[in-house]
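*Asks:* Next up is a structure, given as structure tokens.
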Amino acid sequence: MPLQTLSSEDGYELWLRYRLMDDPILLTDYRSALQRLVMRVDSATLEAARDELMLALPQLLGQAASLGGEAGPGALFCGRLDQSPPAFAALAADADLDDEGFLLLKTDEQGAVLLARRDIGVLYGVFHLLRLLQTHQPLDSLNVTAAPRTRLRMLNHWDNIDRTIERGYAGFSLWDWHKLPHYVDPRCRDYARANASLGINAASLTNVNASALILQETYLHKLAAIADVFRPYGIRIFLTARFNAPMTLGGLTTADPLNPQVAAWWRRKVDEIYTILPDFGGFVVKANSEGEPGPHDYGRSHADGANMLADALAAHGGLVHWRAFVYDPNVPQDRVMQANSQLAPLDGQFRSNVLLQVKNGPLDYQPREPFHSLFGAMPKTVLTMEFQITQEYLGCATHLAYLAPLFKEVLDADTYCQGEGSTVARIVDGSLDGHRLSGMAGVSNIGTDRNWCGHPFAAANWYAFGRLAWDHTLSAEQIADEWLRMTFSNQPAFLEKALDIMMQSREAVVEYMMPLGLHHLFEADHHYGPGPWVDAARVGRADWSSVYYHQADSEGIGFDRTRTGSSAVSLYHSPYRELLENVETCPENLLLWFHHVRWDRRMKSGRTLWDELCFMYNRGVERVRQMQTDWDSLADPIDLARFEQVRALLRVQEREARWWRDACLLYFQSFSGKPIPAAYEQPEHTLEYYRGIRHYYVPGIRERRFG
Ligand code: BDP
């Protein structure tokens, strides 16, 4: 590779990549509309807004931006309503501005105008305006009133204090605890800029498998230094709270949430946090899940635990995000049903500052899952969405998998809980049940890698999460199109092919990893690569094994979740429940999630189930090959370094797609006893070979787990 790559694009700028608009007509229009910036900067947030404009506009327009003067033709006025000339008040009154929203428009007499109630709305409006320029939208697109559809738009970092990241594939944690609070890495500001550009307004900085150490005073001062950088960008810090911290940190003999000393300890701790971090957001809590401590340890309920913390936070306006990812190895019930069993009966018992954070699916962020059956089961509780942006189960940082289609599939799903149109999105945005609070969380894929997210396309998933948290009605295509234009190029020839690659990438992963509703076929522990043979003896408990989920035998394959099986279908509302229950009507892409199906059953394609499985695994591999061919044709429109990096990673993906296909088909063949049709590529190695593959030091888990 030529040495020029040493100084070439490296992805650091993310989508905030401001390059000269290469459309001459648009360039002329915007140059004349945005000659001057009129802004009275009286807050840190407005300073951030002005700095962004002063960074971006000269680069985008190739002309210096001057500051000052009056609003009018040729000028961009940016400000809060209370700063704006009286003539603008009427504009804003018509627009009915939301607290976090903004109004952006262009008039002949007043020039370009960006108005908001609060500083943060101005900043969001600035990023919106820049996006319009970056994506080459015409000048008359400056005519928008915007407001977020969910209130809390949050990243969840699973960062350990030693800077490793649970399920992180892009280096180490951005939070450099050792040097904080005296040195704050400038990346923190760029991180905040990127988030604010999407409207992300909260970040939980620590692993859900929490360490109580973060609650020590020393760390609180370090957090305060980060908070100072985040504050102008409207981002509030949350922490994960380890439920037994009163014992490990406080020296108490119990963490029972109904014990007055325990409650008092948390109150004191929360008061201390707010003294040091006055705009602290609150806690994210994983309790009684996968060995983490929690209220069940004392015979108390999740509501008892969440409410105790909520009471400590309430005086300061803090929130508890109680995670619904709960299941118990000692309970024989199907794991996908346990959250409903434990939590649905508590509907109505949570304090008003508790949000129940629910993963998109009932199992664990698989490449495809049905939506979580808690959506639609707890109308009196604020249910927030938890997506996993980091690709723990979709190829880590070596596979290109654009996740907006996955996010949208869940958000747009109809729960029917209040009749047709009761979509998951309407539960999450609070509109269906009339909740004032609402939220979406995404488990971050960000680390110290120069390009932030590892794979050059992985940043699209951070971007897509943020855009959907702001407005879940955007389409996956639109988001991809924006991101590609901002990150790479506006050239139509590039966009068409690159969009195709992105839009089919998630389905490709589903097909070469676990098609037709199969799930949890991963190699134990690190989840990198196939492990359909992993059994309870290997991982210590059945509900962490693959064989528990695929249930393959000589008759067929799949988990029977109908009334003759675990009955998980009963947790969905009619008519969806009946649709799933009936093997004839169950969508084939979820078939083996809900049904144990005979190998020789005819599928809609006319193929038997076994042949269909072979077809799907092969199509997944073929899709990756198509992605490679498409990408290879894009060398010209984009820079060499990023082109080559994606190209190399697609080669890895193709190899690993074959690994998945061959390992899974050989393994399932040992049950079906049927041949892989001759029309398809035959496995390169034996099943024993695939079973023998061992990977050590895979990123994303702590080394000690191999011990
Ligand atoms: C699983 C991850 C594990 C997380 C857990 C969670 O493998 O590392 O701790 O989710 O969400 O998928 O708590």
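The values are calculated or read from the model by the stated rules, or taken from the named source; none is laboratory data. Everything numeric here is computed off the predicted structure, so don't read it as measured data. Every residue, glycine among them, receives a Cβ derived from its backbone with ideal geometry; neighbour counts consider all protein chains shown.
*Asks:* Name the single residue that is nearest to the chain's Cα centre (by Cα) among those in the range 147-178 being away from the ligand (no atom under 13 Å from the Cβ) and basic (Lys, Arg).
*Replies:* Result: Arg153.
*Asks:* Another question about this same structure. Looking only at the range 227-253, count how many residues are surrounded by fewer than 17 Cβ atoms within 10 Å (Cβ to Cβ) and polar (S, T, N, Q).
*Replies:* Going residue by residue through the range 227-253, those that are surrounded by fewer than 17 Cβ atoms within 10 Å (Cβ to Cβ) are 228, 248-249, 251, 253.
Filter once more, so that each one left must be polar (S, T, N, Q): 248, 253.
Residues that pass the stated criteria total 2.
*Asks:* Could I ask something else about it? Output the residues belonging to the range 426-437 that are in contact with a helix residue (DSSP H, G or I) (Cβ under 8 Å, 6 or more places away or on another chain) and surrounded by fewer than 24 Cβ atoms within 10 Å (Cβ to Cβ). Before you say what the answer is, go through the steps one by one.
*Replies:* Looking only at the range 426-437, we keep the residues that are in contact with a helix residue (DSSP H, G or I) (Cβ under 8 Å, 6 or more places away or on another chain), and these are 428, 432-433.
Selection gives Leu432, Asp433.
*Asks:* Could you tell me whether any residue of the range 342-353 is touching a residue at least 40 places away in the same chain (Cβ under 8 Å), crowded, with 17+ Cβ neighbours inside 10 Å and within 23 Å of Ile237 (Cβ to Cβ)?
*Replies:* Checked the range 342-353: at least one residue is touching a residue at least 40 places away in the same chain (Cβ under 8 Å), crowded, with 17+ Cβ neighbours inside 10 Å and within 23 Å of Ile237 (Cβ to Cβ).
*Asks:* Could you list, in sequence order, the residues of the range 74-89 that are surrounded by 15 or more Cβ atoms within 10 Å (Cβ to Cβ) and either among the aliphatic types (A, V, I, L, M) or under 15 Å from Ala33 (Cα atoms) (or both)?
*Replies:* Selection gives Ala75, Leu76, Phe77, Cys78, Leu81.
*Asks:* Related question: Residues of the range 354-386 being within 12 Å of the ligand (Cβ to nearest atom) and of a type outside the set (D, E, K, R), which ones?
*Replies:* Of everything in the range 354-386, those that are within 12 Å of the ligand (Cβ to nearest atom) and of a type outside the set (D, E, K, R) turn out to be Gln357, Val358, Asn360, Gly361, Leu363, Tyr365, Gln366.
*Asks:* What are the residue pairs meeting all of these: first residue in the range 162-173, first residue basic (Lys, Arg), second residue more than 12 Å from the ligand (Cβ to nearest atom), Cβ atoms under 7 Å, and 6 or more apart or on different chains?
*Replies:* From residues that are basic (Lys, Arg), the pairs are Arg163/Phe172; Arg163/Ser173.
*Asks:* Additional query: Would you check if there is a residue in the range 668-676 being of a type in the set (Phe, Trp, Tyr), more than 21 Å from Pro456 (Cα to Cα), part of a helix (DSSP H, G or I) and touching a residue at least 12 places away in the same chain (Cβ under 8 Å)?
*Replies:* The answer is yes; a qualifying residue exists.
*Asks:* Read through the list (1) within 16 Å of the ligand (Cβ to nearest atom); (2) out of contact with any helix residue (DSSP H, G or I) (no Cβ under 7 Å at 6 or more places or on another chain); (3) touching a residue at least 12 places away in the same chain (Cβ under 8 Å), then give the number of the only condition that Gly291 fails.
*Replies:* (3)
*Asks:* Considering each residue of the range 401-455, count those that are part of a strand (DSSP E or B) and over 30 Å from Asp185 (Cα atoms), and give that number.
*Replies:* Selection size over the range 401-455: 4.
*Asks:* List the strands (runs of 3 or more DSSP E) inside the range 231-345, counting only whole elements, that have at least 1 residues being within 22 Å of Met378 (Cβ to Cβ) and basic (Lys, Arg).
*Replies:* Numbers: elements: 236-240, 282-285, 319-323.
Ranges flagged: 319-323.
*Asks:* Would you say Ala33 is under 30 Å from Leu14 (Cα atoms), at pLDDT 95 or above and touching a strand residue (DSSP E or B) at 6+ places or on another chain (Cβ under 6 Å)?
*Replies:* It is true that Ala33 is under 30 Å from Leu14 (Cα atoms), at pLDDT 95 or above and touching a strand residue (DSSP E or B) at 6+ places or on another chain (Cβ under 6 Å).
*Asks:* Mind checking which pairs have a first residue in the range 233-251 that is in contact (Cβ under 8 Å) with a residue 60 or more places away in the chain and on the phi > 0 side of the Ramachandran plot and a second that is surrounded by fewer than 24 Cβ atoms within 10 Å (Cβ to Cβ) and not small (Gly, Ala, Ser), Cβ under 7 Å, 6 or more apart or different chains?
*Replies:* Correct list of pairs: Gly234/Thr45.
*Asks:* Modelled with pLDDT under 95, over 20 Å from Thr145 (Cα atoms) and either of a type in the set (Val, Ile, Thr) or in a loop (DSSP other than H, G, I, E, B) (or both), is that true of Gly11? Please lay out each step first, then the result.
*Replies:* Working: modelled with pLDDT under 95: no; over 20 Å from Thr145 (Cα atoms): yes; either of a type in the set (Val, Ile, Thr) or in a loop (DSSP other than H, G, I, E, B) (or both): yes.
No: the conditions fail for Gly11.
*Asks:* Report, by residue number, each residue of the range 148-186 that is closer than 30 Å to Leu97 by Cα and either surrounded by fewer than 18 Cβ atoms within 10 Å (Cβ to Cβ) or polar (S, T, N, Q) (or both). Break it down stepwise before answering.
*Replies:* Filtering the range 148-186 for residues closer than 30 Å to Leu97 by Cα gives 148-156.
Within the range 148-186, Thr150, Asn156 meet the criteria.
*Asks:* Given the options Leu97, Leu67, name the one that is surrounded by fewer than 21 Cβ atoms within 10 Å (Cβ to Cβ) and among the aliphatic types (A, V, I, L, M).
*Replies:* It is Leu67.
*Asks:* Within the range 254-274, is even one residue buried (at least 22 other Cβ atoms within 10 Å of the Cβ), within 16 Å of the ligand (Cβ to nearest atom), under 23 Å from Met154 (Cα atoms) and at pLDDT 95 or above?
*Replies:* Looking through the range 254-274, none of the residues is buried (at least 22 other Cβ atoms within 10 Å of the Cβ), within 16 Å of the ligand (Cβ to nearest atom), under 23 Å from Met154 (Cα atoms) and at pLDDT 95 or above.
*Asks:* May I pose another question? Which one of these does Ile389 not meet: (1) within 16 Å of the ligand (Cβ to nearest atom); (2) among the aliphatic types (A, V, I, L, M); (3) more than 21 Å from the chain's Cα centre (by Cα)?
*Replies:* (3)
*Asks:* Also: Hey, could you check the range 628-656 for residues that are assigned to a helix (DSSP H, G or I) and among the acidic types (Asp, Glu) and say which is surrounded by the fewest Cβ atoms within 10 Å (Cβ to Cβ)?
*Replies:* Asp632
*Asks:* Has the range 318-334 got at least one residue that is among the basic types (Lys, Arg) and buried (at least 22 other Cβ atoms within 10 Å of the Cβ)?
*Replies:* Quick first cut of the range 318-334, residues among the basic types (Lys, Arg) only: 323.
Now narrow it down to the ones that are buried (at least 22 other Cβ atoms within 10 Å of the Cβ): 323.
Yes, the range 318-334 contains a residue that is among the basic types (Lys, Arg) and buried (at least 22 other Cβ atoms within 10 Å of the Cβ).
*Asks:* Please specify each residue of the range 203-219 satisfying the condition of being in contact with a helix residue (DSSP H, G or I) (Cβ under 9 Å, 6 or more places away or on another chain) and either outside any loop (DSSP other than H, G, I, E, B) or away from the ligand (no atom under 16 Å from the Cβ) (or both).
*Replies:* Ala203, Ala212, Leu213, Ile214, Leu215, Glu217, Tyr219
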